[in-house]
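The values are calculated or read from the model by the stated rules, or taken from the named source; none is laboratory data. All values reported here derive from a predicted model rather than from experimental measurement. Virtual Cβ from ideal backbone geometry, glycine too; neighbours counted across all protein chains shown.
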Amino acid sequence: MENNLRGEVDPLLDILCGVEDFKQSSTLLPCRLQYGKSSEFPIFEQRLSVLQEYMKRRKPGKLAALWKDRRDYNSFYTFWAVLAFGSLGVLLGVMQVVLSAFQVVYAVKSYKAQLKS
């Protein structure tokens, strides 16, 4: 894929784009990051549209896939915000329980010490 980003010409691009004269077109069609379906791929326009709609509807099913999925930035950042704030909430809840237990232990010791004196 790195070769495609350096401006090299894809040898099959002319065929896929429907260009008949290969001699004049191969120097005119360098590789790019984005292509238009109807203007540059008239043969595969319908199939590319179906594939694009399928990929848009597809949601990650596993945690690892959700971890790496960046197609929908709202879902991606919502996942990370829930993970961050949820983890912080659980951590603070555990700390509260532990500190409350220490408080009860010291209160019982203090109460017993008061009864002895």
Report task. Would you please name the residue that is modelled with the highest pLDDT, looking only at residues in the stretch 10-35 that are exposed (fewer than 11 other Cβ atoms within 10 Å of the Cβ) and not in a helix (DSSP H, G or I)? Result -> GLN34
Requested in this report: For residues that are exposed (fewer than 12 other Cβ atoms within 10 Å of the Cβ) and under 15 Å from MET55 (Cβ atoms), scanning just the stretch 69-89, find the one that is nearest to the chain's Cα centre (by Cα).
Outcome: ARG70
Query raised in the report: Within the stretch 43-60, restricting attention to residues that are part of a loop (DSSP other than H, G, I, E, B) and surrounded by 14 or more Cβ atoms within 10 Å (Cβ to Cβ), which residue is modelled with the highest pLDDT?
Result: PHE44
